[in-house]
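Asks: For reference, the structure I am asking about is given below.
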Amino acid sequence: VRTAADHVPDSTDVAELRAAAKTCQGCDLYRDATQTVFGAGDPHARVMLVGEQPGDVEDRRGEPFVGPAGGVLERALADADIDRRHTYVTNAVKHFKFTPAERGKRRLHKTPGQTEIVACRPWLVAELAAVRPLVLVCLGATAAKAVLGPEFRVSRQRGQVLPAPGALAEAEDRERSAAGSSAGAGPAVVATIHPSAVLRARDRDDMYAGLVDDLRVVARELA
Ligand code: URA
Ligand code: SF4
């Protein structure tokens, strides 16, 4: 199967990874999207947050979580006492998947499938090896599937501190070969809902409070 693996350099430098990702053709999504939206933030953050894929705004601006969902995330992090400046934020899939808009309308987001999640995963693994966070936060089902496997259900295990799955050993192998040292146990993983679910919900306040509660679990892990 085609994946991003051939495009990912053997590097633990986020800037180098980001530069290489600009020309990724690991799946078909690069064809219609404006640009690769790579992770951004503190390259040595103790918290790494993973979303789904860039939205319409992110696709145009080239940065993750700078649209409406980003606003919710920013506020929720602040309410959970996590400083966004000290986080690294990325997505499971780095190109925007959408249905073309009718004239003058906004392009409609399409949820990425398992093919794209798997294809793009080498970038996520490389980012993990570069940033080496203490806690990895999965925002929504797509991120949770990328990190914890396709069977993971956010509704059942959200807000729990989970051990890094064995599948993330890939990241540690990269790290070890790059650093010439033995790796640690990998990050603790916490899954929660996607910030855009708050925007779509009828009971926005409840959904938002749940997101903040889960992020407080993350804050406690960092304390
Ligand atoms: N939703 C995501 O999952 N990621 C973004 O970067 C923006 C919206
Ligand atoms: Fe490469 Fe990921 Fe973009 Fe597909 S979505 S082209 S794998 S960066």
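All of the numbers you see were taken from the coordinates with simple rules; none came from a lab. It should be emphasised that the depicted structure is a prediction, and the values quoted were computed from it without experimental measurement. Reconstructed Cβ throughout: ideal geometry from the backbone, glycine too, with neighbour counts over all protein chains shown.
Asks: What full-extension length gain, to one decimal in nm, is calculated for Arg60 and Gln160 as 0.36 nm per residue of separation minus the Cα-Cα distance? Present the calculation step by step, with values, prior to reporting the outcome.
Replies: Working: separation 100, 0.36 × 100 = 36.00 nm, distance 3.43 nm.
Separation in residues times 0.36 nm, less the Cα-Cα distance, equals 32.6 nm.
Asks: Return the Rg/Rh ratio of segment 1-52 with Cα-based radii and a Kirkwood Rh. If you can, show how the numbers build up before the last one.
Replies: Numbers: Rg = 12.0 Å, Rh = 12.4 Å.
Rounded to two decimals, Rg/Rh equals 0.97.
Asks: Send over the Kirkwood Rh of segment 183-223, from the inverse of the averaged 1/r over different Cα pairs, rounded to one decimal Å. Please list the in-between numbers first.
Replies: On the way: mean 1/r = 0.0871 Å⁻¹.
Result for segment 183-223, one decimal place: 11.5 Å.
Asks: Further question on the same structure: Evaluate the relative contact order of the chain (contact order divided by residue number), counting alpha-carbon pairs under 8 angstrom at least 6 apart; express in whole percent. If you can, show how the numbers build up before the last one.
Replies: Values: 443 pairs, mean separation 52.0, N = 223.
Relative contact order comes out at 23 percent.
Asks: Now a separate question. Return the whole-Å distance between the Cα centroid of segment 197-212 and the Cα centroid of segment 90-163.
Replies: 19
Asks: Let me ask you something else. Counting pairwise Cα distances across segment 55-143, what percent come out greater than 22 angstrom?
Replies: On the way: 1291 of 3916 pairs.
Value for segment 55-143 (Cα pairs over 22 Å): 33 percent.
Asks: If the chain between Arg216 and Thr111 were fully stretched, how many nm would it gain, using 0.36 nm times the residue separation less the Cα-Cα distance? Working shown, then result.
Replies: Numbers: separation 105, 0.36 × 105 = 37.80 nm, distance 2.73 nm.
Gain on extension, Arg216 to Thr111, equals 35.1 nm.
Asks: Further question on the same structure: Across segment 1-132, what fraction of all alpha-carbon pairs, as a whole percent, falls in each successive 10 Å bin from zero upward?
Replies: Reading upward from the zero bin: 13, 44, 33, 9, 1.
Asks: What is the gain in length, in nm to one decimal, between Leu199 and Thr23 on full extension, counting 0.36 nm per residue of separation less the C-alpha to C-alpha distance?
Replies: Details: separation 176, 0.36 × 176 = 63.36 nm, distance 3.24 nm.
So the chain would gain 60.1 nm between Leu199 and Thr23.
Asks: Normalised radius of gyration for segment 73-114, please: alpha carbon Rg relative to 2.2 N^0.38 Å, two decimal places. Mind showing how you got there, number by number?
Replies: Values: Rg = 15.3 Å, N = 42, 2.2 N^0.38 = 9.1 Å.
After normalising by residue count via 2.2 N^0.38 Å, the value is 1.68.
Asks: Put one equal scatterer on each alpha carbon of the chain, apply the Debye formula with no solvent term, and list log10 I(q)/I(0) at q = 0.08, 0.10, 0.17 1/Å to two decimals.
Replies: One equal scatterer on each Cα of the chain leads to -0.25, -0.40, -1.23.
Asks: Quick one: putting +1 on the C-beta of Lys and Arg, -1 on the C-beta of Asp and Glu, what dipole do you get for the chain around its Cα centre, in Debye to the nearest 20? Each step should come with its number before you reach the end.
Replies: On the way: 30 positive and 30 negative charges, 129 e Å.
Result for the chain is approximately 620 debye, rounded to the nearest 20.
Asks: Taking a quarter of the surface of the Cα convex hull of segment 105-163, what do you get in nm²? Don't jump to the answer; show the numbers that get you there.
Replies: On the way: hull surface 21.7 nm².
Averaging across all directions leaves 5.4 nm² for the Cα convex hull.
Asks: What's the longest piece of the chain with no exposed GluC sites (Glu not before Pro), counting a site as exposed if DSSP puts it in a loop and it has at most 15 other beta carbons within 10 Å?
Replies: On the way: sites that count: Glu102, Glu151.
Excluding the exposed sites themselves, the longest stretch runs over 1-101.
Asks: Another question, if that's okay. Based solely on its DSSP helices, what 222 nm [θ] is calculated for the chain when runs of n ≥ 4 H residues each add -39,500 (n - 2.57) and the sum is averaged over all residues, nearest 500 deg cm²/dmol?
Replies: Numbers: 9 runs with 92 residues, N = 223.
-12000 deg cm²/dmol, from helical runs alone.
Asks: Show me the trypsin sites (Lys or Arg not before Pro) within segment 61-127 that DSSP assigns to loop and that have at most 10 other Cβ atoms within 10 Å of their Cβ. Show your work: numbers first, answer last.
Replies: Working: sites: Arg61, Arg75, Arg84, Arg85, Lys94, Lys97, Arg103, Lys105, Arg106, Arg107, Lys110; in loops: Lys94, Lys97, Arg103, Lys105, Arg106, Arg107, Lys110.
Hits after loop and neighbour filter: Arg103, Lys105.
Asks: Greater than 18 Å separation of Cα atoms is the criterion. Which listed pairs, Lys110/Lys145; Lys22/Lys145; Lys22/Lys110, meet it?
Replies: On the way: Lys110/Lys145 16 Å; Lys22/Lys145 24 Å; Lys22/Lys110 21 Å.
Checking Cα-Cα distances, Lys22/Lys145; Lys22/Lys110 exceed 18 Å.
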